[in-house]
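A quick write-up on the structure given underneath.
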Amino acid sequence: KAGVTQTPRYLIKTRGQQVTLSCSPISGHRSVSWYQQTPGQGLQFLFEYFSETQRNKGNFPGRFSGRQFSNSRSEMNVSTLELGDSALYLCASSLSDYLGTDTQYFGPGTRLTVL
Amino acid sequence: AQRVTQPEKLLSVFKGAPVELKCNYSYSGSPELFWYVQYSRQRLQLLLRHISRESIKGFTADLNKGETSFHLKKPFAQEEDSAMYYCALRGTDKLIFGTGTRLQVFP
């Protein structure tokens with residue numbers, strides 16, 4: 001099976017702009033989670049989608065939003081970009097299971113730089 | 001509070017030496033704990049989970065509820081073990097990661 005794919009791999013934006021990141025999960029996986037990875041904060045959970053519904057959300061401002069489509073592909077949007085949003089954004093997919101022990105499979109990430 | 005603490009940012013050892021990567025957690029319920037690894041230029045991937053009680057690439061981790069720890073151990077480190085290691089806890093509604101420990105294994 002093909003792994004989790006994320007596009008684009010690199011992005012450079014300026015403050016105030018908005019950005020949309022895309023994630024295609026492993027075929028058959030219905031859960032998609034997003035994480036922000038920075039050197040200072042490590043990996044922080046953004047949100048999780050399952051069957052087109054947001055199941056869980058981390059402690060991020062409303063500028064961060066996402067959605068999931070019927071084919072399980074997910075997009076993440078960040079509006080009014082700030083310098084502090086510069087990070088590696090990781091997407092992970094798993095089979096299903098709310099609060100279960102499903103393994104999360106990670107994509108390569110999208111490196112966002114905000115100037 | 002639900003929290004994962006990895007006290008060491010960097011751990012350096014020589015090949016053949018024992019390795020112990022520390023992880024402590026804070027969680028009021030019955031914890032589910034994992035170790036993820038990220039090799040250079042590769043994706044983050046699951047190494048092992050406590051529920052499976054397995055040994056992967058020579059690594060083991062035992063859940064100690066009394067000490068709220070889930071340390072990762074390997075008796076003899078190899079150069080290919082050099083990577084970033086993350087301990088993670090499945091909380092009530094999300095996966096919580098520690099800040100990671102970089103393991104450097106010198107020849």
Across (1) surrounded by 13 or more Cβ atoms within 10 Å (Cβ to Cβ); (2) in a loop (DSSP other than H, G, I, E, B), B:Leu48 clears everything bar (2)
Listed by first then second residue, the pairs whose first member lies in region A:81-102 and is more than 18 Å from A:Lys13 (Cβ to Cβ) and surrounded by fewer than 17 Cβ atoms within 10 Å (Cβ to Cβ), whose partner is among the β-branched types (Val, Ile, Thr) and modelled with pLDDT under 95, with beta carbons under 8 Å and at least 6 positions apart or on separate chains, are A:Leu99/B:Thr92; A:Thr101/B:Ile51
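Residue-by-condition table, conditions (1) out of contact with any Cys (no Cβ under 6 Å at 6 or more places or on another chain); (2) within 18 Å of A:Arg111 (Cα to Cα); (3) without any contact (Cβ under 8 Å) to a residue 40 or more places away in the chain; (4) loosely packed, with under 15 Cβ neighbours inside 10 Å:
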position: A:Tyr35; (1), (2), (3), (4): yes, yes, no, no
position: A:Gln41; (1), (2), (3), (4): yes, yes, yes, yes
position: A:Glu52; (1), (2), (3), (4): yes, no, yes, yes
position: A:Asn56; (1), (2), (3), (4): yes, no, yes, no
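Search region A:34-58 for residues being part of a strand (DSSP E or B) and either among the aliphatic types (A, V, I, L, M) or touching a Leu at 6+ places or on another chain (Cβ under 7 Å) (or both), and hand back the single one that is nearest to B:Phe97 (Cα to Cα).
Once the filter is applied, the top-ranked residue is A:Leu43.
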- What about A:Thr103, is it assigned to a loop (DSSP other than H, G, I, E, B) and within 14 Å of another protein chain (Cβ to nearest Cβ)? yes
Only one of A:Pro61, A:Pro108 is part of a loop (DSSP other than H, G, I, E, B) and either in contact with a His (Cβ under 9 Å, 6 or more places away or on another chain) or farther than 29 Å from B:Leu47 by Cβ (or both), namely A:Pro61
A:Ser72 passes all but one of the listed conditions (1) hydroxyl-bearing (Ser, Thr, Tyr); (2) touching a Lys or Arg at 6+ places or on another chain (Cβ under 7 Å); (3) assigned to a strand (DSSP E or B); the exception is number (3)
Here the qualifying pairs (Cβ atoms under 7 Å; residues six or more apart or on different chains; first in region B:50-71 and of a type outside the set (Phe, Trp, Tyr); second in a helix (DSSP H, G or I)) come out as B:Ala61/B:His50; B:Leu63/B:His50
Given (1) within 22 Å of A:Gln36 (Cα to Cα); (2) within 15 Å of the chain's Cα centre (by Cα), B:Pro75 misses just (1)
task: For A:Thr20, indicate whether it is modelled with pLDDT of 95 or more, farther than 15 Å from B:Lys94 by Cβ, hydroxyl-bearing (Ser, Thr, Tyr) and assigned to a strand (DSSP E or B).
output: yes
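The values are calculated or read from the model by the stated rules, or taken from the named source; none is laboratory data. Computed from a predicted structure; not experimentally measured. Here Cβ is always computed from backbone atoms with ideal geometry, including for glycine, and neighbour counts include all displayed protein chains.
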